[in-house]
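To start, the structure under review is shown below, and the notes come after it.
The values are calculated or read from the model by the stated rules, or taken from the named source; none is laboratory data. Just so we're clear, the structure is a prediction, and the values are computed from it rather than from any experiment. For neighbour counting, all protein chains shown are included, and Cβ atoms are generated from backbone atoms with ideal geometry for every residue, glycine included. To get the accessible areas, we keep the full protein, side chains included, count just its heavy atoms, and leave off ligands, DNA and RNA. Shrake-Rupley method; radii C 1.70, N 1.55, O 1.52, S 1.80 Å.
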Amino acid sequence: GLFANSAPVIIGAMILAPLMAPIISLSMGVLRQNIDLISTSVKTLVVGIILALFFGILLTLITPLQAVTSEIAARLSPTILDLAVAIISGIAGAYASARTEVAKSLAGVAIAVALVPPLAVSGIGIGWLDWHTFSAAFLLFLTNLVGIVLASTLTFLVMGFSPFHLAKKGLAYALGVVILVSIPLTISFVKLVDKQQVVSSLEGLYLEGIEIRDVNIITDTPMYISVTLLSSHTINNDQIEKIKKEIEERLDRKIKLESKMAILR
C-alpha cells in the first residue's frame, strides 16, 4: 500500500491493528504492576515489531522502487500533535477494551492511531539504508506506543481497575517516557509552525511587480524555498536577485531560492 500510494490498502492494514491488543494489555500490566502481564505483552510487542520490520525490509529489497510516495512521506514528520492523537486514541481504546458494548469502536481507534504503517515505513528506511526515513517513521511509532500506554493506564485507573498507590510507579515511568519522546516532537512542531508562517507570509505577495505563488519549503537548514513567479512580462536575473534579497529581508535569514517563471497574457 505504501509503495503503491494506496490509501485503501493502508487503511485495511490499520483495521487489522495486530499491535493494539498487546499495547492495551501492557497498559493494564503497568497500572497493576503485574510483572507477568508486562512481560507477556512486551514479548508480543517485540515479536510484532521485529516481524513488521522484517517484512518491510524484505518487500523493500525485492521491490525495485525508490520513490518516496505521499503515503510514505506522511509518516516522516511526527509532531506533538501526533502524540495528542495517540493519547486520545489510547483513552478510547482502553475504554472500548473494558466495555464490551463499545468494543466495535476499536477499529476506528486503530485507524486513528495507525501503529503498523509507521513500522512498515521504518522497514522501508532500513531497506533503503536511509537513516532519516527509518528514524522519523520509528519516532512516529514510538509516539503512538507511549501515548496509548500512558492514556490507557490513566483510563484504567479512573475506571477503578487499580488503586492509585499501586499504579503511581507505573504512571511515573510512562509519563517519563512520554516527556522524553515529546522533546523531538516539540522541536518538529516548532519547525512546522515556522514553515507555515514562511509560506503564508510569501504566498500571493507582490515584489517588483511580480506575484509569488506555489511557495514550497524544500529544506529548512539552510532554508531552500521553491516558488512560481507570475508576471505579465519576461523576468530577468536582476529581478530574481532583487526578489531573493527582499524575501531574505522579510524572513530575516539567508535562503536558497528556486524559481519557476509563469507569464500571464
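Observations on the model:
- Beta bridges assigned by DSSP with both partners in the chain are antiparallel in approximately 50 percent of cases.
- Cα convex hull of the range 109-265 - mean projected area over all directions, nm²: 13.8
- Of LYS191/LYS245; LYS191/LYS244; LYS169/LYS191, pairs whose Cα-Cα distance is over 28 Å: LYS169/LYS191
- Annotation: extensible slack from ILE11 through ILE187 equals 60.5 nm (criterion: 0.36 nm per residue apart, minus Cα-Cα distance).
- Over all projection directions, the Cα-based convex hull of the range 158-226 averages an area of 7.6 nm².
- Binning the C-alpha pair distances of the range 23-77 at 5 Å intervals from 0 yields a P(r) profile of 4, 17, 15, 16, 13, 12, 11, 8, 4, 1 %, listed from the shortest bin outward.
- Stokes-Einstein diffusion coefficient of the range 178-265, Kirkwood radius over Cα pairs, 10 °C, 1.306 mPa s, in µm²/s: 113
- Our analysis of the chain gives Rg over Rh at 1.10, with the two radii drawn from alpha carbon positions and Rh computed by the Kirkwood formula.
- The angle separating the long axis of helix 80-98 from the principal Cα axis of greatest extent in the chain is about 30 degrees.
- Over all orientations, the range 214-265 has a Cα convex hull whose mean projected area works out to 3.5 square nanometres.
- Carbon/sulfur fraction of accessible area - the range 184-265, other protein chains in place, 1.4 Å, %: 51
- Spin-label pair THR219-LYS260: with each label point 7 Å from Cα along the Cα-Cβ axis, the two points sit 2.1 nm from one another.
- Taken about its Cα centre, the chain carries a charge dipole of roughly 660 debye when the Cβ of each Lys and Arg holds +1 and the Cβ of each Asp and Glu holds -1.
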